[in-house]
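Read through the structure below, which is laid out as structure tokens, and then see the notes.
Just so it is clear, none of the values below were taken in a lab; they were calculated from the coordinates. Keep in mind it's a predicted model, so treat the numbers as computed, not measured. Here the Cβ positions follow ideal geometry from the backbone for every residue, glycine too, while neighbour counts run over all protein chains shown.
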Amino acid sequence: MNRRDFVLAATATTLLPAAAWAKTNYKPGLVQAELAAGKTVFLDFTASWCSTCQSQGRTIASLKAANPAYEQAISFIDVDWDQYRGADLTKALRIPRRSTLVVLKGSQELGRIVAGTGRSQIQQLMDVALGAATS
């Protein structure tokens, strides 16, 4: 393989999975609409300046890239902590801080991680969400 082909291949494999990492940004009413539609919702209360949030985001993206079923079955929603820390959703779920991950289905909370960055811990939460979404 020549250098040009290598660079093109490396770029393609780097950029293509990025589409699978996309999340929906929260807007008021979005979570309720997704839940009413029967979807399993994975909320990521995040801040752009938060290193713990960034670590969680990288792990979530990596897990999604490794298993496309997550992206297909689960509604991933980013909630900007700086904008929505005082929002009704944040209060109703009693979110203590940024870097909180929550899985919801119907009227139930199925799991939560607060400030955890371990791959196995995040994968376990995503597997709970996947199980709820596919059952």
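What FRET efficiency do you get for ALA92 and GLN121 if R0 is 35 Å and r is their Cβ-Cβ distance, rounded to the nearest 0.05?
The value I calculate is 0.90.
Given R₀ = 35 Å, what would the calculated FRET efficiency be for TRP49 paired with VAL128, taking r from the Cβ atoms and rounding to 0.05?
0.75
Only sites in a loop by DSSP and with at most 14 other Cβ atoms within 10 Å count here; which chymotrypsin sites (Phe, Trp or Tyr not before Pro) in the range 62-135 make the cut?
none
When only DSSP loop residues count, what trypsin sites (Lys or Arg not before Pro) in the range 64-97 have their Cβ near at most 10 other Cβ atoms within 10 Å?
Counting only loop positions with at most 10 other Cβ atoms within 10 Å, the trypsin sites (Lys or Arg not before Pro) in the range 64-97 are ARG94.
Okay, which of the range 20-57 sit inside 20 Å, backbone N to the point 7 Å along the Cα-Cβ direction of SER107?
29-42
Filter the cross-link list LYS27/LYS91; LYS23/LYS64; LYS64/LYS91 down to pairs whose alpha-carbon distance in this structure exceeds 20 Å.
Correct reply: LYS64/LYS91.
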